Amino acid sequence: MPALLFVPADSPRKIAKALGCGAATVILDLEDSVAPGAKERAREGAAEALRGRAPGGPRLVARVNGLDTGLIDADLDALVALAPDAIMLPKCEGGDDAQHLSVKLAVREAQCGAPDGAIGLLPIVTETAAAMFRLGSYRGATRRLRGLAWGAEDLAAAIGAQTNRSPDGAYTPPFALARNLTLFAASSAGVEAIDTVYADFRDPEGLRRECLAARRDGFCGKMAIHPDQVAIINEAFAPAPGEIARAQAIVAAFAQAPDSGALSLDGAMIDRPHLLWAQRVLARAKS
């Protein structure tokens, strides 16, 4: 899921633009980008987008309001029967919160006759201080889990940080820690790691650098806040032709010698970690 584009669910115009900009996933936002008085309008906008989605279009994820807001049940009541691909849970504080939401989804799926577990879960896992201590708890928490995303803006507010970046644009140590632990937590849980947004949508080169660094480190995609960011993210996370060819060669080599733990390919030793890398590259290319 390379580019995941946020769009305020209370704006039909912005939703229409988001659906046509090439994002693999559109996140219909009912949380931070929607004013308190517009929550019901956002539910209606998200429902309309789900009802009107076209075959072959982007995946539609709904970012609902948090578990402690008193708004999440109304969000789910409005949307679950329309089968969003996943629910994004903000300010998720560990596997217990993921399980809590999973139960809420299961009840509503049963009520509307949908298969149990049809709707996935994509939590944002670093937005509070407490969440940072529970990143290892997602492993085995729920089979709905599709990925783990991290966020820097809410975390900055939570800990009282003046900024989350140093003058050279790099994340300061607390936020670099959040990013890195999200990557390890996602790997431990066996799901994709999703990088946070790049807030300056007028800085395409900065976005490209951050995408390439995220892909280098193991992230599978990046959230976006503006349609102009989508093409850059998609390009940065797409495997290069040389990578695909190398991955195909590794997979073919192990297919010819399935009982081997290590092989020689083009004068270099390859083993099972190389095979895992190759399979991930080919899966990303296919998607």
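Each value in this text was obtained by applying a stated rule to the coordinates, not by laboratory testing. Since the model is a prediction, treat every value here as computed from it, not as a measurement. All Cβ positions, even for glycine, are placed from backbone atoms using ideal geometry, and neighbour counts span all protein chains on display.
Structure above, values below:
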{"read-out": "Added length on full extension, which subtracts the Cα-Cα distance from 0.36 nm per residue, R272 to A130", "value": "47.5 nm"}
{"read-out": "Whole-Hz ³J(HN,Hα) from phi, Karplus 6.51 cos²θ - 1.76 cosθ + 1.60, for segment 131-139, glycine and proline x", "value": "4, 5, 8, 10, 5, x, 8, 7, 4"}
{"read-out": "For segment 3-237: relative contact order, % (alpha-carbon pairs under 8 angstrom, 6 or more apart)", "value": "18 percent"}
{"read-out": "With Cα atoms, 0 to 90° folded angle of helix 272-286 axis to the chain main axis", "value": "50 degrees"}
{"read-out": "Packing-based exposure ordering (other Cβ within 10 Å, fewest first) of V230, V103", "value": "V103, V230"}
{"read-out": "³J(HN,Hα) computed for each position of segment 26-32 - Karplus, 6.51 cos²θ - 1.76 cosθ + 1.60, integer Hz, glycine/proline x", "value": "10, 9, 7, 8, 9, 9, 5"}
{"read-out": "Where labels lie 7 Å past Cα in the beta-carbon direction, separation of S264 and R208 in nm", "value": "4.1 nm"}
{"read-out": "Whole-number D in µm²/s for segment 28-187 (Stokes-Einstein; Kirkwood sum over Cα pairs; 25 °C, 0.890 mPa s)", "value": "149 µm²/s"}
{"read-out": "Distant-in-sequence amide H partners of G221 (H built 1.01 Å from N, under 5 Å)", "value": "D195"}
{"read-out": "Cα-derived Rg to Rh of the chain, Kirkwood definition", "value": "0.99"}
{"read-out": "Distance-filtered residues of segment 77-91 - backbone nitrogen under 16 Å, label point 7 angstrom along R51 Cα→Cβ", "value": "77-84"}
{"read-out": "Net charge dipole size for the chain [Lys, Arg +1 and Asp, Glu -1 on Cβ; Debye, nearest 20]", "value": "560 debye"}
{"read-out": "Within a Gaussian network of the chain (alpha carbon springs, distance under 10 Å), most fluctuating of A240, A152, A262", "value": "A262"}
{"read-out": "Of C220, C21, C92, the one that fluctuates the most in a GNM where the chain has Cα springs shorter than 10 Å", "value": "C21"}
{"read-out": "Relative contact order (%) - criterion: Cα under 8 Å, at least six apart; region: segment 241-286", "value": "47 percent"}
{"read-out": "For a label point 7 Å along the Cα-to-beta-carbon line of D77, residues of segment 37-55 with backbone N under 18 Å", "value": "37-48"}
{"read-out": "Around A158: net Lys/Arg minus Asp/Glu count, Cβ-Cβ under 12 Å", "value": "-3"}
{"read-out": "Amide H partners (placed H, <5 Å) of T126, local residues excluded", "value": "G151"}
{"read-out": "Residue among P55, P174, P12 with the largest mean-square fluctuation in a Gaussian network model of the chain, springs linking Cα atoms under 10 Å", "value": "P55"}
{"read-out": "Karplus-derived 3J(HN,Hα), 6.51/-1.76/1.60, for each residue of segment 239-248, Hz, glycine and proline x", "value": "x, 6, x, x, 5, 5, 4, 4, 5, 4"}
{"read-out": "For L265, residues with placed amide H under 5 Å, excluding near neighbours", "value": "I270"}
